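Since the structure comes first, as structure tokens, the remarks are kept for the end.
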Amino acid sequence: MEILNELSANLQEGYADKTKKLTEEALAQGIPATEILEKGLIAGMNIVGGKFKKNEMYLPEVLVVARAMKFSMDVLKPHLAAARVKSRGKILLGTVKGDMHDIGKNLVGIMLQGAGFDVVDVGTDISMEKFVETVEREQPDVLGLSALLTTTMVYMKRVIEALEQRQLRGKVKVIVGGAPITQRYADEIKADGYARDASSAVDLVRSLLNSGAQQN
Ligand code: B1M
């Protein structure tokens, strides 16, 4: 559909006002919110994610696209709720205790949201008690831990151990990321996966949950 291609193209350029306007126009034309999300926004975001991964787009551009995506999502959200769209899965995200860095984590959250997942972001400097408590309350499919400091990355292991102690480990997949994190470290602390960047995090979550878009 022409307008959805136009929406995707404007999103990829990061034109927030135009993207928002096209989302409103598509709704006014009677296109279902789910189709606007899948064929316009997620399609555009997938292209951006691919370019980011291949270094064909850089962080400032991705942040501009992310802002445009947020404008459109704000318009779509009430319509998606009305359509009772079943999320692809719930992801709980947080930066571990002692660590205030959140730019990368926020980007991971935006990309996951753009890919159709429900994201609950608990913020930065999060203790293992808070992670455990929030996992119990929110029952996410995946817990994503972020750390940017070599001094705080070790805390990820403690979060995983705390989940084990509360018998929650079997109920939630744990993924880790952040500049000092490696696959080797993820294996060492028995995380379920590691992603080096935001678009890889989307691929990782998709593969862990093996999910597809569903609608009630
Ligand atoms: Co800080 N800082 N910082 N800092 N900071 C680093 C991390 C550092 C490498 C800079 C340096 O020295 N070269 C260094 C760490 C050294 C180390 O541990 N080896 C450092 C330091 C030392 C510090 C302080 C201790 C400085 C001080 O006070 N003396 C202090 C610590 C504060 C604290 O956290 N307690 C500090 C503070 C800050 C600011 C507050 C000023 C600011 C953070 C602002 C904010 O986040 N709101 C800041 C910044 C901006 C940086 C650098 C410059 C940039 C980080 C960033 O946002 N990158 C950073 C140097 C660097 O990385 N080049 C540095 C962009 C972002 C998109 O990338 O976060 O890597 P990144 O996220 C990526 C991937 O890692 C991945 O996907 C993201 C998108 O592609 N990813 C995940 C991240 N989380 C993921 C989770 C996943 C999956 C993938 O699954 C759950």
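Tabulated data
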{"item": "Exposure of ARG67 as accessible area (Å², to 10), given a probe of 1.4 Å and all protein chains", "result": "130"}
{"item": "Dipole axis of the chain (+1 Lys, Arg; -1 Asp, Glu on Cβ), positive-most option in PHE117, MET69, THR152", "result": "THR152"}
{"item": "Accessible area per residue in Å² at 1.4 Å probe, computed on the chain", "result": "50"}
{"item": "Accessible-area ranking of PHE71, PHE131, largest first, probe 1.4 Å", "result": "PHE71, PHE131"}
{"item": "Highest-MSF residue in the chain out of ALA16, ALA28, ALA162 [GNM, Cα springs under 10 Å]", "result": "ALA28"}
{"item": "For the chain: rounded, prolate or oblate by the Cα gyration tensor [a/c cutoff 1.5]", "result": "prolate"}
{"item": "Helix 59-82 axis, angle to the chain major axis (alpha carbon atoms, nearest 10°)", "result": "70"}
{"item": "Sequence of SER207, SER199, SER87 when ordered by accessible area, the most exposed leading, probe 1.4 angstrom", "result": "SER207, SER87, SER199"}
{"item": "Partners for LYS51 among aspartates and glutamates (Cα-Cα distance below 18 Å; same-chain residues under 8 apart left out)", "result": "GLU13, GLU61, ASP197, ASP203"}
{"item": "Exceeding the 23 Å Cα-Cα cut-off - candidates LYS130/LYS190; LYS105/LYS130; LYS53/LYS130; LYS53/LYS77", "result": "LYS53/LYS130; LYS53/LYS77"}
{"item": "Nearest-ten-degree value, helix 43-53 long axis tilted from longest Cα axis of the chain", "result": "50"}
{"item": "Burial ranking of peptide ranges 44-56, 145-157 (average Cβ count within 10 Å, highest at the top)", "result": "145-157, 44-56"}
{"item": "Whole-percent carbon and sulfur share, accessible surface of segment 127-213, 1.4 Å", "result": "45"}
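The values are calculated or read from the model by the stated rules, or taken from the named source; none is laboratory data. The shown structure was predicted, so the numbers you read here are calculated from the model rather than taken from an experiment. Quick reminder, even Gly has a Cβ in these numbers, built from the backbone with ideal geometry, and neighbours come from all protein chains shown. Please note that ligands, DNA and RNA were not included when accessible areas were found on the heavy atoms of the full protein model with its side chains. Shrake-Rupley method; radii C 1.70, N 1.55, O 1.52, S 1.80 Å.
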